[in-house]
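Colleague: I'd like to ask you about the structure that follows.
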Amino acid sequence: MGLSFKKDVLMNWIEEIGKFLRIWTEGHDAFTEPTDPAVFEDAYEKFFEKSRAYFLNLSESELSAYLKTDLQIQQLHPLALTLLFDGLNATDGNQENLLRKAKFILNLAMAETASFAFQDYQYLAMIDNKLKGL
């Protein structure tokens, strides 16, 4: 009698080993979100070819137009998460602005793609709780 390995089982095992190695080599904070503002500025420039200030100065209608004309559907979620984690770590008075835009984009992404992840609802709840505290 032999053992049968399925592709999904092997992939899950590889992912778990990868997580273990990252924790072992990088410490317990290997999976925490970045807090350095420079990381976010670089993310805006590298992935969306716009500055952080560009996104901060957009109104909701301008943001909606930008999302529909300049970005692909697959880019909505990464932009929303960039704004979310930037907003959670912002200390320059832009926290509410960033969080509101992240919420707007997450809702738009769910509506446009007609799909959602339970983690998206967790992000929306996190944004709502943070905005109530501001």
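Colleague: With a 1.4 Å probe and every protein chain left in place, tell me how much accessible area Glu45 has, in Å² to the nearest 10.
Modeller: 90
Colleague: Set the Förster radius R0 to 35 Å, insert the Cβ-Cβ distance between Ala53 and Phe118 as r into 1/(1 + (r/R0)^6), and round the FRET efficiency to 0.05. Could you put the intermediate results ahead of the total?
Modeller: Values: r = 33 Å, r/R0 = 0.95.
Computed FRET efficiency for Ala53 and Phe118: 0.60.
Colleague: What does the accessible area per residue of region 45-133 come to in Å², with a 1.4 Å probe and no ligands, DNA or RNA counted?
Modeller: 57
Colleague: Okay, next question. Could you give the length gained by full extension between Glu15 and Ser64, i.e. 0.36 nm per residue of separation minus their alpha carbon distance, to one decimal place? Before the final figure, lay out each step's value.
Modeller: Details: separation 49, 0.36 × 49 = 17.64 nm, distance 3.63 nm.
Answer, rounded to one decimal: 14.0 nm.
Colleague: Taking only the alpha carbons of region 45-133, what extent do you get along each of the three principal axes, in Å, biggest first?
Modeller: 32, 30, 23
Colleague: Give me the percent of the accessible area of region 45-133 that comes from carbon and sulfur atoms, probe 1.4 Å, all protein chains in place. The partial results should precede the final answer.
Modeller: Numbers: 2540 of 5060 Å².
Using a 1.4 Å probe with all protein chains present, region 45-133 comes out at 50 percent carbon and sulfur.
Colleague: Considering only lysines 8 or more places apart in sequence, or on different chains, count the pairs in region 45-133 whose C-alpha atoms sit under 18 Å apart. Provide the component values of the computation, followed by the final result.
Modeller: Details: Lys50/Lys68; Lys50/Lys101; Lys68/Lys101; Lys68/Lys103; Lys101/Lys130; Lys101/Lys132; Lys103/Lys130; Lys103/Lys132.
Final tally of qualifying lysine pairs is 8.
Colleague: Just read off the accessible area of Lys103 with the full protein assembly in place, 1.4 Å probe, to the nearest 10 Å².
Modeller: Result for Lys103: roughly 70 Å² accessible.
The values are calculated or read from the model by the stated rules, or taken from the named source; none is laboratory data. What you see is a predicted model; the values in this text were computed from it and never measured. Methodologically, a virtual Cβ is constructed for each residue, glycine included, from the backbone with ideal geometry; neighbour enumeration extends over all protein chains shown. Remember, those area values only see protein heavy atoms, side chains included, never the ligands or the DNA or RNA. Shrake-Rupley method; radii C 1.70, N 1.55, O 1.52, S 1.80 Å.
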